[in-house]
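Taking it in order: structure first as structure tokens, then the write-up.
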């Protein structure tokens, strides 16, 4: 990997402490180039390839690749403590839980919403209406 | 993993006693055993903060997902009002600012102070360019009557004056630039060159806002005809009567809107578009708010860099602000395809 070129001395010639891992300029520029490339790819793909309902998954897949590049290189995750990485990833796990549970719940209430005869009708059947509202 | 290597390497060259042998350093708090422990503790703190940020934004992502899941057609319709090229331009500006931020961290680690200052300045400049382009996008929509749900009154005609919205948005950045320039002048005149240098650099950085506005306005002037066809595409979507008629139904029974939509999908497009734009404004607005907070944090870093505070064993603040900045970039990386690249 490109970050192998460790500079062990600072500009003033003193050795770097062990927790100091500068990322090489080559790695930074390569990461940026890849990010720009993926941005162009995602625009071209979304605008010119008819993919219907898969489009969002392709877009999100490319976004995730970009996010990983930013995390691994710009956010120095490759050099960070595994515990810090675990903490950050756990944030996404809880966000996914939040998303998943809310989505399944809303799907559940859609049936009630569709079953409600009308707004006026719903008012005469308060239980159904409450289900539709929440 | 690279981290494990790093840990064993640290044992190797004997700096594990952390700083007791050399001077404790101006910015190492006394309750830490040394620079390394302070750095590790702060880093843990910033990662925890970033987790709260992810969860903070996730509420809006959940709102987006649920609304799109149930009403995909609204998103396809509404996305026509967003300019993909301006969005892509802003994405690249933000990615570039992430590059310069990562470069600033590297330079701070290597004690290249001038490079750190300059990289942070470029990051601030890119941040404000982003805000300037965003201001052009917002004012363009406001000029068309595209607001959040309750105030949504798009009918294919121009409602308000786009330029006056843009001017209003530009007042605060304008004042900030003028104040910074004045403080730079005062700093120079009173023999405080470091302070003068900082405020001058900040005025330059904040001036990026006007570069962004220029970019956006120039872009819209060149592609004006295209903008019109976008407006026409959405024309049939929102006849004026609907927007007016639905306005108070919505005010009175806000939560029934989903129900009414399922009952009669074709009659509520204006309201649906308004709901999409509520999500759009809150997601991009909260993101823009984070950019502004980031600019303030970056200004602090730039000042400390000018003062020469950072050393090979004390570069933490640059790193922490950098992590925050990259997170703001990460969020935009998802917002861009989700909002601009539909249909």
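What follows draws every value from the coordinates through simple rules; no lab data is involved. Computed from a predicted model, the values in this text were never measured in an experiment. Glycine gets a Cβ as well: all are built from the backbone with ideal geometry, and neighbour counts include every protein chain shown.
List of remarks:
- The order of B:177, A:44, going from fewest to most other C-beta atoms within 10 Å of their C-beta, is A:44, B:177.
- Sites residue A:104 and residue B:189 - FRET efficiency at Förster radius 56 Å, r taken between beta-carbons, to 0.05: 0.30
- Label reach from residue A:47 (point 7 Å along Cα→C-beta): in segment B:314-339, amide nitrogens under 16 Å belong to B:336-339.
- Looking at segment A:1-80, the pairs of alpha carbons with a distance over 21 Å make up 44% of the total.
- The calculated FRET efficiency for the pair residue A:60 and residue B:40, based on their C-beta separation and a Förster distance of 35 Å, comes to about 0.55.
- Hull-based mean projected area of segment B:42-152, where the convex hull spans the alpha carbons, in square nanometres: 9.3 nm²
- At the listed q of 0.20, 0.21, 0.30 Å⁻¹, the Debye profile of segment B:64-114, built from one uniform point per Cα, gives log10 I(q)/I(0) equal to -0.77, -0.80, -0.99.
- This ranking places B:40, B:161 by how few other beta-carbon atoms lie within 10 Å of each, fewest first, which gives B:161, B:40.
- Fully extended contour minus Cα-Cα distance, from residue B:179 to residue B:300, at 0.36 nm per residue: 41.9 nm
- Extension gain, residue B:70 to residue B:30, is 8.8 nm, computed as 0.36 nm per intervening residue step minus the present C-alpha separation.
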